[in-house]
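Q: Attaching a single structure in structure tokens format; questions to follow.
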Amino acid sequence: MTSTPIITQSNIGTALPISQPSPITSAIPWKALSEFDHEQVPAGWHEWLSDRGSLTARLVDASENKFSVEVLNQYEFVPSESEAAALDMSTSTPAMIREVILCGKGKPWVFARSVLPLTTLTGRLVALRELDSQPLGALLFSDPSMTRAPVEASYSAASAFSVPDTLCAGNAFLWGRRSVFYLDQKPLLVSEMFLPSFEPYNNMLRHTQDEQK
């Protein structure tokens, strides 16, 4: 692992304008993945939720390199109560909120919401304000200073995750996971919600059903 920071002013895109907030409207029952009973999490999902590696890298591989990031929103707004607690910050303190769709083979696979405290966006990390369509995950796992807290998971309605209704019905239940990452010991929270069109899981499910016939 190198000691050279990979986030620099020379490898970033153009900052997005502040968009309309998309707040978390209801409480999400996040809890440590290890606290779920084995029967509560289907085997195929547990593999994706528990993976400590880069989700971006796995999606690139699963999509046969047909991977892209669609930026929906980037704005300064207050985090939800749960997000603030995870980051040990006040609910009245604004943070940078970034919402994107991770697409595989042209289909929306994952809705990701990141909360970056303004105190994190200092020094070299100010470049995180200008990610544009670069995947945040790729930067996190390439940075030599990165550490990660344990994964939390939830099975909740899409509307609770603030997933846009253009991606799926608000009453559709989705598996999601989140982790607090640290760059230069500064925290940021990344939440990832797996959408109904998530092809890697759907393909595995169809294969399992075919075997059972």
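The values are calculated or read from the model by the stated rules, or taken from the named source; none is laboratory data. This one's a predicted model, so the numbers in the text were calculated from it and none came from an experiment. FYI the Cβ positions are ideal-geometry reconstructions off the backbone, even for glycines, and counts take in every protein chain you see.
Q: If I ask for residues that are surrounded by 21 or more Cβ atoms within 10 Å (Cβ to Cβ) and β-branched (Val, Ile, Thr), which ones from the stretch 154-195 would you list?
A: Val163 - this is the single residue of the stretch 154-195 that is surrounded by 21 or more Cβ atoms within 10 Å (Cβ to Cβ) and β-branched (Val, Ile, Thr).
Q: Could you check, for the stretch 177-186, whether at least one of its residues is closer than 17 Å to Val41 by Cβ, modelled with pLDDT of 95 or more, out of contact with any Gly (no Cβ under 8 Å at 6 or more places or on another chain) and not small (Gly, Ala, Ser)?
A: Yes, the conditions are met somewhere in the stretch 177-186.
Q: Whether any residue in the stretch 86-93 is within 30 Å of Pro42 (Cβ to Cβ) and crowded, with 19+ Cβ neighbours inside 10 Å is what I want to check.
A: Here is the first cut: in the stretch 86-93, the ones within 30 Å of Pro42 (Cβ to Cβ) are 86-87.
Filter once more, keeping what is crowded, with 19+ Cβ neighbours inside 10 Å: 86-87.
Yes - at least one qualifying residue is present in the stretch 86-93.
Q: Filter the stretch 177-192 for residues that are in a strand (DSSP E or B) and not basic (Lys, Arg) and give the result.
A: Ser179, Val180, Phe181, Tyr182, Leu183, Pro187, Leu188, Leu189, Val190, Ser191, Glu192, listed by residue number.
Q: Looking only at the stretch 139-163, how many residues end up being among the charged types (D, E, K, R) and either closer than 23 Å to Ser80 by Cα or in contact with a helix residue (DSSP H, G or I) (Cβ under 7 Å, 6 or more places away or on another chain) (or both)?
A: Residues meeting the conditions: 2.
Q: Further question: What about Val151, is it surrounded by 20 or more Cβ atoms within 10 Å (Cβ to Cβ) and at pLDDT 90 or above?
A: no
Q: Looking for something without any contact (Cβ under 8 Å) to a residue 40 or more places away in the chain and not hydrophobic (A, V, I, L, M, F, W, C) - is there at least one such residue anywhere in the stretch 120-139?
A: There is no residue in the stretch 120-139 that is without any contact (Cβ under 8 Å) to a residue 40 or more places away in the chain and not hydrophobic (A, V, I, L, M, F, W, C).
Q: Now for a separate question. Determine which member of the set Arg113, Arg98 is of a type in the set (D, E, K, R), buried (at least 21 other Cβ atoms within 10 Å of the Cβ), assigned to a strand (DSSP E or B) and in contact with an Asp or Glu (Cβ under 9 Å, 6 or more places away or on another chain).
A: Arg113
Residue by residue, here is whether (1) in contact with a helix residue (DSSP H, G or I) (Cβ under 8 Å, 6 or more places away or on another chain); (2) β-branched (Val, Ile, Thr); (3) in a loop (DSSP other than H, G, I, E, B) holds:
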position	(1), (2), (3)
Thr120	yes, yes, yes
Leu125	no, no, no
Gly137	yes, no, no
Asp165	no, no, yes
Cys168	no, no, yes
Trp175	yes, no, no
